Each structure stands twice: as C-alpha cells, then as structure tokens.
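Okay, so here's the structure we're looking at.
Taken together, the values in this text are just the output of simple stated rules run on the coordinates, not laboratory data. Predicted, not measured: the structure shown is a model, and the values here were computed from it. Ideal geometry is used to build each Cβ from the backbone, glycine not excepted, and the neighbour counts take in all protein chains shown.
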Amino acid sequence: MRTFFFLLLLFTIATQATAQISGRVLDKDQNTPVAFATVSLLAASDSSLISGTVTGSEGEWSLGGVETDKNYLVKASFIGYADRYSVLFSGNAAPSPITLHLRSAPNILRAVEVTGKQLTDLHRLDRQTFDAEQFANARGGTGADVIANLPSVSVDALGEISVRGATGFTVLIDGRPVQSNPATILAGLPANAIASVEVITTPGAQYDPDGKAGIINIVTKAGSPDGWSGVANVNYGLPSVEDYGNKDPQRRYAADVNLGYHQGKWDLGFGANYLRDDNAGRREGYVNTIVSNVLTEFPSDGERSHDRESYTGRASVTYRPDGKQTISAGLLAGKKTVFRTADILYRDQTRVILPRFPIAPETYYQDYLDRGEETSEGNILDRRTYYNENLRVRRGDFYIASVDYALDFGEGRKLSLSGLYERTVLGGPTDNLVIPERGSLDSLQYQFNTNDNPLDGYRFNVNYTTKIGELDLITGYQFRYLRHPGSFVYLDRDFANGGFTENPLFTNGITLRRDVHAGFGQVSGTTGKLEYSAGLRLEYFDRSVKLDRPDTTYLLDRLSLYPSANLLYQLADGWKLKAGYSRRIDRTTTFKMTPFPEREHNETLEQGDAELLPEVSDLVELGAVANFGNSSAFATAYYRRTRDAINRVNTIFNDTILNRIYTNVGVADALGLELGFTVFPTGGDWRVSLGGNIYRYQITGRVFGADVDAGNWVYSINATTDVDLFGQADLQLGVNYLSARVTAQGRDSRFFNPYLNLQREFTKQRLTVSFQWQNIGLGLWDNNQQRITTSAPDFFTTTNYVYEPDVLRVGVGYRFSGRKDGTRAVGSEFGEREF
C-alpha cells in the first residue's frame, strides 16, 4: 500500500497543467509590491472559488486551471486594504499579466467588524463557516461557549457537546487536530481569541475520519499591522442572584490578551488568558434498588457546584523566505482545574416487599412522591440519615506543539509537511466522606481515590497537491501514535488504626496504545455549475489495552476504507444545492475503556470496557442554500447510521450503589433536518438569526441480555436577535434550547437558557464595554436544569441537576497598536491557512 501511494505521488508530480494566468499585486498609492496578498480565481457566474495562491516578495503570482470556455474574475485581498477585482475575462482570452492595485481603506477594519455581525454563516463545498463575533453571549468565556451557539450544536446540563445529536467529533485548532478530549481543549481556549468556527459534517479523505459527528475547526484570530498590535479584555461576574446555599461564594472573572507582530517576512503571535468561572448548583435525586425482594430507597438533596479555573497561552511564528515557501510553528498550552462539590443529605430506607411481579421500580418512586417526607410503614428493615461530603477534583494540563512546511511549485502544485506533538496530563483525587450530619466531626466512612493519566500523541503528515487535466488531486500519508497510561489508587480509611488500606477491587493500572497508518487520495473540480470532490482513505488501526491486575492485554486491529464525496450545484443567483457522504469512526477514550470501577460519589461507581469497539458511522446529507441580499437561509436533511453505538448504562453494584458502565449497545439511527436563516426585517439595524436541528433518534440492540428498542423526536434551537440602538450600542437577545431525548435505559429532560448582551463600542478610543445576562430565569421558568432518568427491572434512578440562573457579567475590551505614525495599516495573514 505504501508503494502504491509513493508511485501515485511520483505520477502526480510529473503531471502539470498547461493553462495558466499570472500578474502582480501593487500598492495603489506608492506603486510598490504587496507581498503575501491573497489572489483568488473566481467563477464569474456565482463568484465561487476556483483556486487561489499568495503573492511573492515582488507581488507576483500565477494560477493554473483556467478553462477556455468559461468566464472568470481575479480577486486580490489583504488585511488593511480594500478588495480589488479584475475585469471579467474569458479563459480563451485572458489578459496577461493581470495587475491589480490595492488601495488602503482607513475604515476597512470597522467595515469588517460590521460585516462580521451580519454574516451568520458561509456555505462551501464541504463546510459551514460561522463568524464568532456574532456570538456576544460567549465573550469572556471559552471555545465551548462559542460553538454552543451553532445551529447544529447543543450542550446539556453536564456540559456534553453534541453535533446533530452525536457526541463524538474531532476538534482542529487552525486546521491542526488535537487528540485529547475536545471538551478539555475547548474549555481552555478563550472565546475572545476565536475568529470563526468551521463545521465540517462530511469531511474529505485528507481529514482524519475520527468523530462520528464530523469536524469542528476553530480558527483563531490572526493578522496584525506592521509592528505590534493587539486586543485586551477583562470580564467580571457580579455576585450571584441565587447561590442555592452553597458552602462557598461563586467567583467569576476573566482576562485575556492577544498580540500580533508583523515585519517583512515574519509574523509573530502571542496570546494568554485566565478564567475563573464558578457555578452554583443543587442535586435533587432518588434511587431505588430491588435485591431478593428487599427494596432500598435513598432519596437525596444537596449542593452540586463547580469551581472552574483555567490558564492558556499561545505562541506562533510564521516565516516566508520567498513567495513559494512558508515555515510555521505553534505552541498551545493550558491548565484547567475543576472542583466539583457534591455535599448531599441522604435518607435511606430498606424494607421487605412481596414478590408481586411485575411491579416496575418507578412505581415505588411514585409512591415516594405521594407520601412526601413521610416514611412508609410495614416490613421496615432499616432507616438511616447521613451526610455525604464529596469533592472531586479534575485537572487537565495540555501542551500542543506543531511545525509546518509548505512549498508552492506553482501551476497548482504544492508539497506540505507537518508534525505535531501533544501531551495532556489528566487526573485528580476524589474525597468521599460520610458523616452523621452536616458539620459533624464523627466520620462513618472516608475513601480517597486518585488517578494520573498522562497522554502522549504524535502525528506526521505529508501531502502533495497537483492537477491532472482539470482536476485538483491531493494525495498523502499520515501516521498517528497515541500512548495513554492510567494509574488508579483507591484507599479506605481504617478508623481502628488511623491509617489507610488499599482497596484491591478499585486499585489498578491501564495503558492504552494506539497507532494509525493512513494513505489517501482526493480529487476535486468544477464542471459548469457543479463543484465536486471525492476521496478514499485507507487506514490500518492497531490498538492494545493492557491491565496491571490481572496482567492481561486486549488487542484490536482493523484495515478499513473511508470513502467521502461532496457536491455543490449552482441553481440560480444566490441558490445552491449540496449533497455529501462520509464514513466516520469514533475511537474510544481510555476513560471509557477502564474496566475497573472508579468512585464518582457515594451512590455511584463508574467504569468502562477494555474490549469496547469503536463506533462506525455513515452519514448522507442533502441541502439547499439561499442568499438574498444580506439575508441567507439553508436547510440540510441528513441520515446517520452508527454501528456498535456506545451508551452509558447502569447496573446494581450493591443495595445502595449503582455502577455506570460504558458498553456497545447496538445500532443508532438518526434521520434529521438542520435549518438556519438570517434576515434583516428593517434593512440593517435589526438582525434575526435562527438555527435549529430536528431528528428522529432510534437505538436498537441489547444491554445485559435485555432487548433495547427506544426512540423519539429530538430538537434543538439556537436563536438570536440583534438590534443596533441608535448607532451607539448593540443589544442581543437569544436562547439555546435542547428538547427531551431517550437513552438506552431512560430519558433526559429538556434543557434551555435565554441570554441578553448589551455592548457599546467607542471606536476612536478603541474601547468596548459590555454587559451580559446569562441563564435568564427571574423565577419564571425552570431553565439551566435537567433531569436524567434511567431504569431497569431491578432499579430506578432519577436526578435533577439544578444550576445557577441569572448570571450577570460586565466586560471591557481595548484594541491597541504599537505602530508609528505614518505606517500603513497593512495586516499579515498570520495564523490563517492557505487555500
């Protein structure tokens, strides 16, 4: 297989296109060359992109792939200049050279900001691109807060992110993949550093096939004028309106700074942020178990809050020695800590029940609701009340370093090499203390467990792009390696001698090793009004899971094909049809493959399966896109089938403890429709954006020998409206809504949060002042809370997670520049990828 790709690479290098155009890009005022400007070849019919390049040190450029029977435009652009277009020309009579003169536009930066507010999304062949500036509710937050606003994305009360109802997706940072948990990376990336978000639901063969929901690419802010420039922001949370009687007050504040430097052939970028984001909350729960005709009920109520703290730093450097070569390196590092407090009061009761089957366990829950705080009578074996102080600390430190090299041979041929190293250190202890009542010094039970999970990942890519006739071809090879060991220690307090004893049932070690070899080829092109791409990726996947106790190794290897295809057809001015297909895989994490229990809190253990199979999904979609003036709309119908679907299910560990287990259930089907539109009812001062996703979810299979066949309709809505208040300020109102949905063993209730943002910009002072009102409740509705229910013939559990509404924040941002007077505000394209 490697020989095949090597021969294919040699063949494509030898193949050269013949038709080409060339020219220069010059500064209009000084008639000097503009290096590294973007030059795009556009179809005259709809301005769709055909190909592109960047200018050399003397402003020179050349482009191939010009068909003689079509009409074209050439566009030149560079930050700090107004865009410039050539005259319309035919491919058989193209002017040569084509010289384009860029003129400095003093108001161009302000114009870009206004446009960024109005453009909700941009649809291309394989992706949707969303401008992050429009999501005002995420300012001062993290990357997770930004993507929660996308039409196809939903976030539940536990912070789990779904794309079109699927939780597995791959995160790219400026086109570079990360191998650790996406939530960890997104939570450590400041929202103020994000320029745009790309959602790729049917990725091509050049992308990793990991993540059944596709790919989310986070494009960070880039570009600076000659010399230094930057932006700094601070954000402060006002005291809590509702703290639910939590032990400690909530603290919320953030600060970030992003700096850029451009000079000649060099681009430098730096960023840093600090975020403290606490959230008050309560946990209202009820569990019952039935073991040998003995019913044990343990209702609970108490604090379940989160204290979150994170630091992140970014550094990038790009060097362009000439118009053909680009060398870049980047470093992203972060540190995140979450303190989850669950201080819960339990009222346990155990009684004998008659074997009058079938009686569903939820019947006893209804009986509990009917009698309220009163205890039931008859056949009582035991009653006890106790207080559980549970503190779970989770740390996630990550370091991602990358080096990239690109060589442009001209005429559509390009070679690129990239390497990436990632280290993520996960872990943290859990303290579980049981006392007779809150504040008591008499301990009934104390357990301590901790784990250390350092992850090391390596990635190497070589890609070659060329043309075969009118087709663009990209081929390449990729190697990925992941090693993720975990050491788990579980200690019980021995009150007799004052020491700790190791619990052998929960103490163990695990090492996950995974390597992937991949070769791929993808072609793309344009025929008339049709733009298309098709690719095939061949991967060899090798995985081993080694346990310390007993000394056992589980092996899995696969040779798999991952086809993909995308079509985009121009129906008429502003109207397009899209179609796509992609096969994806969701490889399991070490956490879900750890086959020994870990203490979550007093009533719950959690464990995985060392032989867990990866989920494999096939996705087909068909959509339409319409652009009319400043407004736009889109609709995409899709069908996704996932084999070996993974669900988290419960079993009884003992009469007062449930064990959560990750297991392959069967097949999950989703048939859905994704919708979105942006309109301006009054022309330009008022914008309304609505994004939604509705799908029928059905899961069939078996769980612990029992058949599973459950399904329902699920929908999510992300809606915003922006109003320009007399040209002085911007007011935004919005809501994120996720409906109820079924799981393999139960049901999750709906979850929603309205929000308000008010922002005032002082342009001349480069100052921005904002006010945020998140999770608007006012006691009018039960927002920011979600009930999760699961059941089986021998147990029933329901828990309502209630989190803090009405969070108020104020923020200040300042944009500054270190340029000397008279220096032209010409920005680089640092941090952005070439076409």
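Positive end of the dipole of the chain (Cβ unit charges, origin at the Cα centre): among SER96, GLY813, ALA719, the Cα lying farthest that way belongs to SER96.
Only DSSP H runs of four or more residues enter the estimate; each adds -39500 (n - 2.57), and after division by the residues of the chain the mean residue ellipticity at 222 nm equals -1500 deg cm²/dmol.
Projected onto its three principal axes, the C-alpha set of the range 544-595 covers 66, 23, 8 Å, listed from the longest axis down. Computed over the alpha-carbon pairs of the range 252-292, the distance histogram in 10 Å steps reads 18, 21, 17, 15, 12, 10, 6, 2 percent, short to long.
Expressed in Å, the radius of gyration and Dmax of the Cα atoms of the range 457-540 are 25.7, 83. Taking amide H atoms as placed 1.01 Å from N in the peptide plane, the amide H of VAL703 lies under 5 Å from those of VAL708, each 5 or more residues away in sequence or on another chain. Annotation: aspartates and glutamates with alpha-carbon distance below 13 angstrom to LYS265 (same-chain offsets under eight excluded): GLU58, ASP226, ASP322, GLU829.
What the Cα atoms of the range 190-261 give is an Rg and a Dmax of 19.1, 53 Å.
When the pairs LYS546/LYS592; LYS212/LYS336; LYS467/LYS529; LYS529/LYS578 are compared against a 18 Å limit on Cα-Cα distance, LYS212/LYS336; LYS467/LYS529 fall above it. Charge dipole (Cα centre; +1 on Lys/Arg Cβ, -1 on Asp/Glu Cβ; no other charges) of the chain amounts to roughly 1920 debye. For the pair the range 433-454 and the range 618-688, the centres of their Cα atoms are 40 angstrom apart. Entry for the range 631-689 at q = 0.14, 0.26, 0.27 Å⁻¹: log10 I(q)/I(0) = -0.66, -0.99, -1.01, Debye formula applied to identical alpha-carbon scatterers, no solvent contribution.
Rg over Rh for the range 533-686 works out to 1.16, using Cα positions for both radii and the Kirkwood form for Rh. Going from the fewest other Cβ atoms within 10 Å to the most, the residues LEU88, LEU433 appear in the order LEU88, LEU433. Size descriptors for the chain: radius of gyration and Dmax over Cα atoms are 28.6, 97 Å.
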